């Protein structure tokens, strides 16, 4: 496996990213993707292959006839892993043909995953204000929204000058995919925190938009 990146992205990786490559445990076993607490990052999937591309990986105790086919690795649906793992500090995946299909019947397979641990940014926009998401123009990084919610989950956020009865309901929020739909893949974007945009999850409560997102750079990748 080799990974090549432009020099501008390399600088951003050094500052913001821990690049991890894991050969996952095997066939029918739960496998774990993890960003360490010291990294203060979340998972961003790059690629995944399922099958076998060499005779050594995951071969302990396995009969020779189940490891001889080394031309059976396939790129697997990244959508499944993205939904399971992106934006989380850790996640588990079942490395199994029932999940990814069987590229080579009779061969003992394994899952290989390449992912970044990226530091999250967060912002809050009070109701009526505009949330501005942005990534560095110099590095060419773009936005990926990991979480966005509109409503209220505590009494302190966006509480200045507000009557107490507008802050009481702290179980009044909905997750909003619209932020990602508007902002993903852009260097910057803005979204107004309003009932017109997101609907009203709790009438009479003063709300706010809370967004968490990562900035990632373009890269070129080749797997061998």
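The values are calculated or read from the model by the stated rules, or taken from the named source; none is laboratory data. Fair warning: this is a prediction, and the values are worked out from it, not measured in the lab. Using ideal geometry, Cβ is built from the backbone for each residue, glycine included, and neighbour counts are taken over all protein chains shown.
Per-residue answers, yes or no, for (1) modelled with pLDDT of 90 or more; (2) not in a loop (DSSP other than H, G, I, E, B):
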{"residue": "148", "(1), (2)": "yes, yes"}
{"residue": "151", "(1), (2)": "yes, yes"}
{"residue": "155", "(1), (2)": "yes, no"}
{"residue": "160", "(1), (2)": "yes, no"}
{"residue": "170", "(1), (2)": "yes, no"}
{"residue": "179", "(1), (2)": "yes, yes"}
{"residue": "182", "(1), (2)": "yes, yes"}
{"residue": "185", "(1), (2)": "no, no"}
* Structure fact -> Counting only residues in segment 106-128 that are touching a helix residue (DSSP H, G or I) at 6+ places or on another chain (Cβ under 8 Å) and either farther than 19 Å from residue 212 by Cα or without any contact (Cβ under 8 Å) to a residue 24 or more places away in the chain (or both), the one surrounded by the fewest Cβ atoms within 10 Å (Cβ to Cβ) is identified as 106
* Structure fact -> If you go through 162, 192, the only one that is more than 25 Å from residue 41 (Cα to Cα), outside the structural domain of residue 87 (by the TED database) and touching a strand residue (DSSP E or B) at 6+ places or on another chain (Cβ under 8 Å) is 192
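Can you tell me which of 136, 128, 87 is assigned to a loop (DSSP other than H, G, I, E, B), in contact with a strand residue (DSSP E or B) (Cβ under 9 Å, 6 or more places away or on another chain) and under 30 Å from residue 161 (Cβ atoms)?
Exactly one residue qualifies, and that residue is 128.
Out of curiosity, is residue 94 closer than 30 Å to residue 148 by Cα and modelled with pLDDT under 75?
Working: closer than 30 Å to residue 148 by Cα: yes; modelled with pLDDT under 75: no.
It is false that residue 94 is closer than 30 Å to residue 148 by Cα and modelled with pLDDT under 75.
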* Of the residues 41, 87, which is surrounded by 13 or more Cβ atoms within 10 Å (Cβ to Cβ), modelled with pLDDT under 80 and at positive phi? -> 87
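Does segment 160-175 hold any residues that are in contact (Cβ under 8 Å) with a residue 12 or more places away in the chain and either exposed (fewer than 13 other Cβ atoms within 10 Å of the Cβ) or more than 23 Å from residue 213 (Cβ to Cβ) (or both), and which are they?
162, 165, 166, 167, 168, 169, 170, 171, 175
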* Asked: Within the group 9, 14, which residue is under 25 Å from residue 180 (Cα atoms), out of contact with any helix residue (DSSP H, G or I) (no Cβ under 7 Å at 6 or more places or on another chain) and at pLDDT below 75?
  -> 9
* To do: Would you mind finding the one in 81, 94 that is surrounded by fewer than 18 Cβ atoms within 10 Å (Cβ to Cβ) and outside the structural domain of residue 185 (by the TED database)?
  => 94
